[in-house]
Amino acid sequence: MNAYEFFQSRHVRRVALILSVGVGIGVVRGLYPGFLEHYIGVTNGPLTYANSVELSEYEFKSLADQLTYDYRNQRALAQTAEEEVPFVRRLKVNMLMKTGSFAKGAPYPHIQYFRKAGIRQYKGPETCLTCHATIHTTDELGKVREVNTMADVVDSVHFKFQSTASGFSTFGFDGRQVNSAGNRSIPVGKIDRACGVPGSFTWTGWADLVKTKPEHANGAEEIRSEGCGQCHIGGGYHPATEKMLPFHDAPESAKAGIDCLICHSPTYDMNERYVLEDLQGKRWNQDRSMKAALTVGPPTNKTCLFCHQHNMGGDLEKELPVGAAPDNLGHKNKRLLHPGAKRGNSIQPEHDVHAAAGMVCTDCHKPQGHKIPRGTQGVDLVANDLPNTKVACETCHTAAPHVKDLEERALLNGHVARVSCEACHIKKLRDDNTVLRDWIHPVWNAEEGAYVFKDVYQSGEAGRGFTFLWFNGNGSFMANALGDNPVGDGSYNPLMRQLVKIEDPKAIEAIRQAATELQKTYPDLDVERYVREATDPLSALSPEMLAKRQKMINEKIRPIMAQGQSKIYPFKVFNALMYEDMGNQGPFGAMILPFDYPTYYESGNPRASVLKAVQHPIIKRMYQAPFKAYMMDEFMRYLGVDNWNPTYPVSDKGELKNVEAHWMRQMGSLMINHGIQKQGRGCKECHAKNGILDFNALGYPPERAAELRKLPELQ
Amino acid sequence: MKRIQSIQVRGAVSGHLLPGQLPGSILVMNTSMRRHLPLLLATLAFLSTTTVQAESGQEAGCMRCHSMKTLAYLDSKTGGVRNLSIDPDAMARSDHKKLGCRSCHGAGFEVYPHFKEARLERLECLNCHKENIDFPHELFESIERSFERSVHFQTLPDSFTCFSCHDPHDFRSLSKQPNEELTTVVARDNGVCRRCHDTPNEIYSKTGRKFSPLVATHAWLPEAERHWDNVRCVECHTGPKSNRSHFILGRNDAVRACEACHSQNSLLVAKLYRHRLREEKRSGTLTNSSVMNNAYVIGLTRHPWLDWGGIALIVMTFLGVTGHGLARWLFTRRDPHENHH
């Protein structure tokens, strides 16, 4: 029987077909990840951590005793806080520590669990999964489900920080809701911020080591850590790239690098969070000590703020609780601080009424397994694990929140229909809240010993650091709050007014002053032109582009603004001067290009820094056909540009080509919901001639605006 | 904040100068007054115009606050939300649209914040509706009598008033919306009951009584949700005569027998047709259209002759079609033979 005859048999043919399909799948599954790694230039490999060591029985016992002692001592100190005489207090503390009932409480249940299970070394997720292979999650309707813990974490935004699912409250400038049904899903995350390394470019700035020459070191070099990875729980050499690519899951080595303890351990040492370099490349170290592991529990404010301090009070906030991230920059390769607060709304008890009441983040952001809700509203492109789960003041405070003032309560509650709680109860942001950031004129920071970006304007004041906009829960693709005045005359148009013009004289003066300062380092800088471009970013658009912009707003954006029920919300405003690929420019902005951090900080040459970053394989791939088809075309349509122009912005000579520095065409508007004050604003802060609300700009008919400024009740 | 006077002070005769009263008051005037009639009429005319002006100015003043959709507070007595908002559109549609705020609300409301005494004001629908010759006296007498026998009044004689169900700022008589879909009418009408009865907490906060949820109390009723969508609560929870809809029956007395509605001599259909017939008479269209429109549906009209007629129609159609088909088949079978020859 020859081969031909052999395959003539129907059964043999079937078996052969099944075998070849099976082998094919095996080959693809085996080779595909390797191919992708090569294609986008990332590495994976086994991750080791120096602080993950096995303890002897004696070491385990003494650590457990120490932790228990420290905990009880803290409690005893807290209980005796009112005792003024130090000696008496010490005696009281000693007595309490020996009191049976007081000492009985087991502060850290995992000491007992680990002891029984014989766990003497914390090896990362595998140790946690020994017992927590599955967990029970409860959704908002109270339905309980058992889920695989690892899958739950890997699928959460905290790990993958992007989403291809529907549920974005963000709309493209072409009028389509991002990733909504009927549209092709693309991976989108926080990509519309004028950050040095905007979200989709985390590859180019995941983990970097920067050589600095600080003043205090007298010319000696200091190595500092920098990069997006410091706040994301993946521990690999690159972000969760695989989750962004089709038919692909994070490799086992990346899953083993997940940092469970940064969220779950209140004794996590942020000094362990620094960039280390091994044979495979650079990555972020983490605290895998038994001390951190033994003290695990549900997330607390402290653990959330290890990362989120940056977008609450900011990196420069003082008097933070012991262990806070900005005060513990690393045992070595200290992390670079990021001055200029992102939102500038502190969540510390003295600035936030909920924190003062002892509430924890998860009281409002009630987790469902490892998915944490951020509410149904959002102006930005931040991926949302639970887009249908509400996080709202009303949930606790009812629809009639003002209770005490018997005379005014009804009238104050009357405002709830049109005015958000935040509009009155967040009166001020921190002074270092950044409004305008210039990335292309870096200045030498002697203390850090590096070239840093220049914050041209910072303000925490109403009308300067934040503004008031109508908001119905929708946002634009460039993070602009959408909504409309329900009783307006149709003139409300934030994308042509509030978000594109800085008109406040005090702000303009401060910007001019900053520009004059910059001129000392950059003598060619034309101060007046600089001020004009910073305060009127639309001046960068040609008349045709401007006309197209107005047309798109009217045709595509207005219907989205008119949806639902709009209220007046405060929004932190932000713009930045960045390099853009002008081949991909539309009426609402162009593709922002990332910086390479070490080049930027060390040389102070932003063009060289961009040039270095765009040579990263992933950026090159972005300018090739597969990526264009996979996501870039769709992405650009959301941005209001017909197609992705795949012309790589580097010339054959190796110079940047068609790359220009511009302010984004409109300021981004970031929601502010924290830093809530108990006492809200008084009537006259808004209803007065120079009130903080510009009723005309908010689209009220002129006579109504005049009336709102001058209410007869207040005369 | 200091108290401020509202924009215009209430006209001297406002609230009393109802259109129907004018001729009557002229009749009771004595002869000396009749001599000054032209002057008096002129004065009255003047007063009435100033009243309207006062009222519309007044309206704007009140509505500056009361049109806020969320004007409300948490009532410390009940723990529930006390809504003070008035929807201007609903008011403009309501039967009371012509009345100014101050026609009903008395002294103390013309300033903000309102006087404490004003909050003690107790209004009664019957103050106007019983004593006024514009309204059918007997109807309101009978409503009052039925209401006093209703389970609500019997249980909560002090706190249950007309306003517990009827919002005077939004009140529209059912008979004035003949063109509305029945399901819309049903939904709105049942909404009044469900506002309390579907929210046991609301009842608890208002009365301190713990009620079982509607689904539990109506567990015996098949297809309860469908009933609620299509039948008004009061159809079963009132006495059998049509004008008794204020005589609300409690759970023990309400109609439970399915056959009360689902039978030939149906209570519900009787009520429904009586209502429809009345509407049609009023609107002057064909008085029997509501019967005729549904006549082809066998059983719906509960009229045996129409039912038989319907059945006969179907049988005859069937016979006609089969007969015709049979005839065609018979004749076409013969054709090929003819061609063959």
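Laboratory data are not the source of any read-out in this text; all were calculated from the coordinates shown. Since we're looking at a predicted model, the values are computed, not measured. In this analysis, Cβ positions are derived from the backbone assuming ideal geometry, glycine residues included, and neighbour counts consider all displayed protein chains.
Here is how the numbers come out for the structure above:
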| read-out | value |
| --- | --- |
| Reach of A:LYS243 by Cα under 22 Å, taken over lysines that are not fewer than 8 positions away in the same chain | A:LYS160, A:LYS190, A:LYS255, A:LYS282, A:LYS371, A:LYS620, A:LYS628 |
| Per-residue Cβ neighbour rank within 10 angstrom, fewest leading, A:MET671, B:MET316 | B:MET316, A:MET671 |
| Cα-projected label distance for A:ASN183 with A:GLU84, points at 7 Å along beta-carbon direction, nm | 6.5 |
| Nearest-0.05 FRET efficiency for A:ALA165 and A:GLU57, computed from C-beta distance (R0 41 Å) | 0.30 |
| Coil-residue trypsin sites (Lys or Arg not before Pro) of segment A:499-583, DSSP, other Cβ within 10 Å capped at 15 | A:LYS501 |
| Which listed pairs, of A:LYS302/A:LYS334; A:LYS454/A:LYS689; A:LYS454/A:LYS684; A:LYS213/A:LYS520, have C-alpha distances above 27 Å, in listed order | A:LYS454/A:LYS689; A:LYS454/A:LYS684 |
| Value of relative contact order over segment A:57-117, rounded to a whole percent, pairs C-alpha under 8 Å and six or more apart | 34 |
| Spacing of the two label points (7 Å from each Cα toward its C-beta) at A:ILE25 and A:ASP694, in nm | 6.1 |
| Cβ-derived FRET efficiency at R0 30 Å, A:ALA608 paired with A:HIS331, nearest 0.05 | 0.45 |
| Order of B:HIS96, A:HIS216 under a 10 Å beta carbon neighbour criterion, fewest first | A:HIS216, B:HIS96 |
| Test item: B:110-122 mean partner chain Cβ contacts at 10 Å | 1 |
| Cα→Cβ-extended label distance, 7 Å offset, between B:HIS262 and B:SER142, nm | 3.1 |
| P(r) tail fraction, chain A - alpha-carbon pairs more than 40 Å apart, % | 37 |
| Qualifying aspartates and glutamates (Cα of each under 17 Å from Cα of A:LYS567; at least 8 residues distant if same chain) | A:GLU394, A:GLU422, A:ASP484, A:ASP489, A:ASP694 |
| Average Cα contact separation per residue, chain A, under 8 Å, 6 or more apart, as relative contact order % | 15 |
| Pairwise centroid distance, computed over Cα atoms, of segment A:38-102 with segment A:401-438, Å | 41 |
| Convex hull volume per residue in cubic angstrom - Cα atoms of segment A:406-467 | 105 |
| Segment A:659-704-segment B:307-326 distance, computed between alpha-carbon centres (Å) | 74 |
| Relative exposure of A:THR303, A:THR516, judged by other C-beta atoms within 10 Å (fewest first) | A:THR516, A:THR303 |
| DSSP-assigned coil residues among trypsin sites (Lys or Arg not before Pro) in segment A:337-384, each with at most 11 further Cβ atoms within 10 Å | none |
| Average beta-carbon neighbours from other chains, 10 Å sphere, peptide A:402-411 | 4 |
| Loop trypsin sites (Lys or Arg not before Pro), segment A:169-274 (other Cβ atoms within 10 Å of the site Cβ: 15 or fewer; DSSP) | A:ARG184 |
| 23 Å Cα-Cα reach of A:LYS92 towards lysines, excluding residues that sit fewer than 8 places from it in its own chain | A:LYS104 |
| Sites A:ASP504 and A:THR647, calculated FRET efficiency, Cβ-Cβ separation with R0 51 Å, nearest 0.05 | 0.80 |
| 20 Å cut-off, amide nitrogen to a point 7 angstrom out along B:ALA187 Cα→Cβ, residues in segment B:80-96 | B:87, B:89-91, B:93-94 |
| Rule-of-thumb Rg ratio for segment A:57-117 [Cα; 2.2 N^0.38 Å; N residues] | 1.29 |
